[in-house]
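What follows is one structure encoded as structure tokens, with my remarks underneath.
Any read-out appearing in this document is the output of simple, stated calculations on the displayed coordinates, not a laboratory observation. Computed from a predicted structure; not experimentally measured. Counting neighbours? That spans all protein chains shown, and the Cβs are built from the backbone with ideal geometry, glycine included.
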Amino acid sequence: QAVLIEGRDRVLDLRAPDHGGDLSQLLVDAARSIVGEKGPGVQVIAEGRARELHPVAQEELQRIAEEALRNIVQHARAQSIEILLIWGGRRLSLSICDDGTGMPEEILARGERPGHFGLRGMRERAERIGGRLAISSRVGGGTEVALVAPGGAVYRDALMPGRAWLGRILGRNRG
């Protein structure tokens, strides 16, 4: 019975849950949970018209933000965190900035801390949704984790790139 339960749990983990809520609120909730009351102040700013996300994209974006927040709390000694979410027509941008100690140059150059998989995991999650993740930092000057993902890959109502021809055909037939 334990093997069946474990197998069922693993299958459920493969399917991204549809949280239904908007990403801004999910980010606020994640920040409250991870940072806590005694942690740095967090400000979430959303610009543009929020759109419904594909469940997989929503899950990956949320996990990237959570990992960035955990890294800030564990390593940065930051006083403030700003999360900027820009809902663009053709792309979605997510940026998480802190005013902490910054990331050591050798970790930035290597792209990961030896024996840790957080930075690599964030990059892999970004790639899964067609996005690009960039990390910039200065020792003593804070860190920014920035993700840009194409709207066609993350917005639920967007035509997928493989179906762009369908949109062109439908557009021609209307006129």
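Highest mean packing first, where packing is the average number of other Cβ atoms within 10 Å per residue, the peptides 131-140, 59-68, 148-157, 33-42 line up as 59-68, 148-157, 131-140, 33-42. Computed from the C-beta positions of GLN25 and ILE107 and an R0 of 25 Å, the FRET efficiency is 0.20 to the nearest 0.05. The simple spin-label model puts a point 7 Å past each Cα toward its Cβ; for VAL139 and ARG49 those points are separated by 4.8 nm.
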